[in-house]
1. How big is the dipole moment of segment 32-163 about its Cα centre under a simple scheme where the beta carbon of each Lys and Arg is +1, that of each Asp and Glu is -1, and everything else is neutral? Debye, nearest 20, please.
2. Round to the nearest 10 and give me the degree value, 0 to 90, for the angle of helix 68-84's Cα axis relative to the longest principal axis of the chain.
3. Per residue, what volume in Å³ does the Cα convex hull of segment 59-149 take up?
4. Residue by residue through segment 159-164, what is 3J(HN,Hα) from phi via Karplus (6.51 cos²θ - 1.76 cosθ + 1.60, θ = phi - 60°)? Round to whole Hz and write x for glycine and proline.
5. Mind checking which of Val130, Ser61, Gln89 is farthest towards the positive end of segment 15-138's charge dipole, using Cβ charges of +1 (Lys, Arg) and -1 (Asp, Glu) about the Cα centre?
6. Provide Rg and Dmax in Å for segment 98-168, with only Cα atoms included in the calculation.
7. Going by average Cβ neighbours within 10 Å, how do the peptides 106-113, 131-138, 143-150, 29-36 rank, with the highest at the top?
8. As a test of the formula, what do you get for the chain when each DSSP H run with n ≥ 4 contributes -39,500 (n - 2.57) and the sum is divided by the residue count, at 222 nm and rounded to the nearest 500 deg cm²/dmol?
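Laboratory data are not the source of any read-out in this text; all were calculated from the coordinates shown. Small disclaimer: the values here were computed from a predicted structure and weren't measured. Note that each Cβ is placed from the backbone with ideal geometry, even for glycine, and that neighbours are counted across all protein chains shown.
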Amino acid sequence: MVLKLLIKAISLTLLAISFCLSAESNLKVGDPAPPISLFKLESNKYFRSKDFIGEKHLVVSFFATWCVPCAKEIPKLIEMSEELGDEFQFVLVDVKEKRDAVKKHVDKKEITLQVVLDKYGMVFEKFGGVVLPLLVVIDKNGKVTYHTGQKGYEEGDELKLKKHLKTL
């Protein structure tokens, strides 16, 4: 009887802890964005999101070279970055891949946006990432204004994004 109660108490405690931990990674629109400090693909220099606070809005897309929806989204983001100009900084965050493989992919696909490496996927997790691609917009004040959640990319999402960016 005591053992049964102890097991129930431990189970409830573990459930509560796991709920609290999962709630921390559920980043929502309006929340302050977690900092991004990752190595740039082309150099051993850091890309730091804090350098853009007060200066530009950040459009951050988490991707991987093997991700088919990412391959559809990235050209739309390149096009949008050229169209929208200096108010925005577009950045692609590769999740859990080796530099050489990413470099080869970026060169082959002629990707012109800034690419940074999230080698262990920790930044992706901080942004609540589950599915690739994950797209997040951070305004000049450092707040999340757009978050695709767990749906990835679907044709036409770029129109919603562009509409949102024009409101900033």
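1. Working: 22 positive and 21 negative charges, 94 e Å.
Here segment 32-163 has a charge dipole of around 460 debye.
2. 50
3. Working: hull volume 8.2 nm³, N = 91.
For segment 59-149, the hull spanned by Cα atoms encloses 91 Å³ per residue.
4. Each residue of segment 159-164 in turn: 5, 5, 5, 4, 4, 5 Hz.
5. Farthest towards the positive pole: Val130.
6. Every Cα atom of segment 98-168 included, Rg and Dmax give 13.8, 38 Å.
7. Details: 106-113: 13.1, 131-138: 22.6, 143-150: 17.5, 29-36: 15.2.
With the highest mean Cβ count within 10 Å placed first, the list reads 131-138, 143-150, 29-36, 106-113.
8. On the way: 5 runs with 65 residues, N = 168.
It comes out at -12500 deg cm²/dmol, rounded to the nearest 500.
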